[in-house]
Amino acid sequence: MSNKVRKDERRFVEDVARLLTPWGVPPVAARLYGHLLLCPRPVSLDQIVEDLGISKSSASVAARLLESYTLAHRHSEPGTKRALYAVADDYEAMIRQQNRLLDALAGQLNAGAGIAASKTVSARLEEMAEFYLTMRGAMEDAMSRWKRNRRPR
């Protein structure tokens with residue numbers, strides 16, 4: 001592999017990390033996600049440590065965090081206990097998780113609107129709840145359109 005390709009890959013990984021960290025993704029997990037996006041097959045923690053120059057414990061914590069975000073998927077290697085990680089390609093699972101969060105948040109906001117002492121606060125919370133439910137519907141519509149237009153692999 002040429003140095004230019006490696007340099008381009010490192011830049012890609014760092015650019016992905018710069019995009020994700022303002023959303024609250026820790027820098028190591030964000031870098032790992034960028035790295036996994038470029039990996040053609042699942043990779044071991046040892047390979048991640050080598051490729052990213054991070055400790056094994058940092059790699060493990062970051063991989064588990066990406067799993068919890070549904071951005072990465074753990075694979076097993078037959079005959080070993082070794083875990084391999086790959087970028088998740090189940091976009092529907094990601095959207096379902098986001099929609100559950102939006103539903104819960106809208107429910108909590110509506111509950112707050114019901115107990116707010118101020119009509120102004122109550123109206124604001126109801127409007128926020130309606131916004132989150134609208135976003136949930138938009139994400140469902142977008143997923144349906146994407147599935148209809150998706151090219152088979």
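None of the figures in this text is laboratory data; all of them are computed from the coordinates on show. Predicted model only: the values in this text are computed from it and were never measured. All Cβ positions, even for glycine, are placed from backbone atoms using ideal geometry, and neighbour counts span all protein chains on display.
Laid out as a table, the results:
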| read-out | value |
| --- | --- |
| Per-residue HN-Hα couplings for the range 17-23 [Karplus 6.51, -1.76, 1.60; θ = phi - 60°; Hz; x = Gly/Pro] | 4, 4, 6, 8, 5, x, 8 |
| Residues whose placed amide H lies under 5 Å from that of Tyr85, excluding near-sequence neighbours | Val43, Ser44, His75 |
| Listed values (1) 16.7, 52; (2) 21.2, 74; (3) 19.8, 65, entry calculated as Rg and Dmax of the Cα atoms in Å | (3) |
| Distance between the range 105-149 and the range 26-77 - C-alpha centres, whole angstrom | 33 Å |
| Tail beyond 15 Å, pair distance distribution of the range 3-87 (Cα, percent) | 54 percent |
| J(HN,Hα) series, the range 57-67, from Karplus relation 6.51 cos²θ - 1.76 cosθ + 1.60, nearest Hz, glycine and proline x | 5, 5, 5, 5, 4, 5, 5, 5, 5, 4, 4 |
| Cut-off 14 Å between beta-carbons: net charge of the residues surrounding Val61, Lys and Arg +1, Asp and Glu -1 | +3 |
| Efficiency of FRET between Ala83 and Leu38 - r from beta-carbon atoms, R0 25 angstrom, step 0.05 | 0.85 |
